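Heads up, the thing below is written out as structure tokens.
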Amino acid sequence: MIQTDAYGPEWSASLRRGDPDELASWLGFALATADEADRIALAGYHTELQIDQKTDGTFVTDADRAIERMVRDRIAEAYPGHAVVGEEYGEEGTDAVERWYVDPIDGTHNFMRGLPLFGTLIAVERDGELQVGVVSAPALGLRWYASRGEGTWVVGGVGGRSARRLRVSSVDRIAEAQILFRSVIDMHDSRVAAGFERLIREAWRERGFGDFWGYTLVSDGAAEAMMEQDLGPWDLAAPWILVEEAGGRITDFDDRRSLERGEGFATNGRLHQPVLERLWAEGERVPT
């Protein structure tokens, strides 16, 4: 990904790295794969799960592993030349131009405790630019998806609504903004801890809506900013394209379009620089 301060649907469409039919095929594949992931996740939801603790202290369930194995098998069969980067089984095919990112269950701790805020995240990039992303939250009955130049959409919910296109909000004042984050502890441990306290006191409203949920709310114009840290690329890839195709902007805390730092900072675009300036402690220069 390149460093830029541009954003908006037309700019996002300029990042397409393939013809529309090819991207439509990738999207269809990701949606069909998400159907099977939903089935596996719901079969384990509110049941007695096999739960193991990983070396980093986080947890993994048998459903996480089953979903990622299924997704990897499907990608290997449909796109044998593509790379895969997943939370549970690492990276395969490092030299490939196309790379799939898989988070089998984003929000595993919610899943374990019977909370419905969990979902499968699938995305594919070509030449370093994300092209398609799907976020499927079966316990909520909602699915979000995007492809370059075709917008961000949500389907499902009350009454099984047909697909609706998402757009970020037009709010341009922090005093009118709703600010989202994963957790207070997460932000206190971040590089922008001092500025975070200043920001949430200036904002209209703040809420700890973490994981994929915060990014979908920014994409849908329900919030103006979402931020978190300590992420894998599988956590960020699908939400990243959702935000950009909805007209928003997403970077790390250094204002770079990069997955490398493991930081997610998404806004409606209009408030990107003002919020970022608040996040950095007084006397610090916002990196460019």
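The values are calculated or read from the model by the stated rules, or taken from the named source; none is laboratory data. These numbers come from a predicted model, not from an experiment. FYI the Cβ positions are ideal-geometry reconstructions off the backbone, even for glycines, and counts take in every protein chain you see. Surface areas here come from the heavy atoms of the whole protein model, side chains and all, with no ligands, DNA or RNA. Shrake-Rupley method; radii C 1.70, N 1.55, O 1.52, S 1.80 Å.
Take ASP19 and TYR89, extend 7 Å from each Cα along the Cα→Cβ direction, and tell me the distance between the two endpoints in nm.
Spacing of the two 7 Å Cα→Cβ label points: 3.2 nm.
Once the piece of chain linking GLU10 and HIS109 is laid out straight, how much longer is it, given 0.36 nm per residue of separation minus the C-alpha distance between them?
So the extension gain works out to 31.9 nm.
How far, in degrees from 0 to 90, does helix 233-245 lean away from the longest principal axis of the Cα atoms of the chain, to the nearest 10?
Once rounded, one gets 70 degrees.
Please report, in debye to the nearest 20, how large the charge dipole of segment 112-240 is about its Cα centre when each Lys and Arg carries +1 at its beta carbon and each Asp and Glu carries -1 there.
Computed charge dipole of segment 112-240: roughly 500 debye.
Dipole magnitude of the chain about its Cα centre, charges +1 at Lys/Arg Cβ and -1 at Asp/Glu Cβ only, in debye to the nearest 20?
Result for the chain is approximately 940 debye, rounded to the nearest 20.
Each label point is 7 Å from the Cα along the Cα-to-Cβ direction; what then is the distance between the points at GLU176 and ALA222, in nm?
Going from the GLU176 label point to the ALA222 one covers 2.1 nm.
Between ARG198 and ALA78, what FRET efficiency comes out of the Förster formula 1/(1 + (r/R0)^6) with R0 = 45 Å and r the beta carbon distance, rounded to 0.05?
That pair, ALA78 with ARG198, gives E of 0.40.
Based on the Kirkwood radius over alpha-carbon pairs, what is the Stokes-Einstein translational diffusion coefficient of the chain at 20 °C with 1.002 mPa s viscosity, in µm²/s?
Rounded to a whole number, D works out at 113 µm²/s.
With θ taken as phi - 60° and the coefficients 6.51, -1.76 and 1.60, list the Karplus ³J(HN,Hα) couplings across segment 90-106 in order, rounded to whole Hz; mark glycine and proline as x.
Result, ordered by residue: x, 10, 10, x, 5, 8, 6, 6, 9, 9, 9, 10, 10, 10, x, 9, 7 Hz.
Springs between alpha-carbon atoms under 10 Å, Gaussian network over the chain: tell me which of THR267, THR152, THR47 tops the mean-square fluctuations.
Sorting by GNM fluctuation, first place goes to THR47.
Going from most exposed to least, what order do TYR45, TYR89, TYR101 have by accessible area with a 1.4 Å probe?
TYR89, TYR45, TYR101
How do 82-88, 225-231, 12-18 rank on mean C-beta neighbours within 10 Å, highest first?
225-231, 82-88, 12-18
So, by mean Cβ neighbours within 10 angstrom, what's the order for 65-73, 122-130 with the highest one leading?
The most tightly packed comes first, giving 122-130, 65-73.
How big is segment 1-121 along each principal axis, measuring the range of its Cα positions in Å and listing the largest first?
46, 34, 27
Considering only protein heavy atoms and a probe of 1.4 Å, how much of the accessible area of the chain is carbon and sulfur, as a whole percent?
47 percent
With a/c under 1.5 counting as rounded, go ahead and sort segment 106-186 into rounded, prolate or oblate using the C-alpha gyration tensor (a ≥ b ≥ c being the square roots of the eigenvalues; past the cut-off, prolate if a/b is larger than b/c, else oblate).
Taking the square roots of the gyration eigenvalues as a ≥ b ≥ c, segment 106-186 is rounded.
Can you give the angle from 0 to 90° between the axis of helix 193-202 and the longest principal axis of the chain, with both taken from C-alpha atoms, to the nearest 10?
70 degrees
Could you tell me the relative contact order of the chain? Use alpha-carbon pairs under 8 Å, at least six residues apart, and round to a whole percent.
Normalised by residue count, the contact order of the chain is 19 percent.
Is the shape of segment 170-288 rounded, prolate or oblate, going by the alpha carbon gyration tensor and its root eigenvalues a ≥ b ≥ c, with a/c under 1.5 for rounded and a/b larger than b/c for prolate?
rounded
Let me make sure I get this right: for segment 185-252, a, b and c are the square roots of the gyration tensor eigenvalues over alpha carbons, sorted descending. Under 1.5 in a/c it's rounded, otherwise prolate if a/b > b/c, else oblate. Which is it?
The shape class here is oblate.
Test of understanding: what is the full-extension gain from ASP189 to LEU31, defined as 0.36 nm times their sequence separation minus their Cα-Cα distance?
Extra length available between ASP189 and LEU31 comes to 53.3 nm.
Could you tell me how many degrees, from 0 to 90 and to the nearest 10, lie between the Cα long axis of helix 20-44 and the main elongation axis, the longest principal axis, of the Cα atoms of the chain?
80 degrees
What number, rounded to the nearest 500 deg cm²/dmol, is the helix-based mean residue ellipticity at 222 nm of the chain, given -39500 (n - 2.57) per DSSP H run of at least four residues and division by all its residues?
It comes out at -10000 deg cm²/dmol, rounded to the nearest 500.
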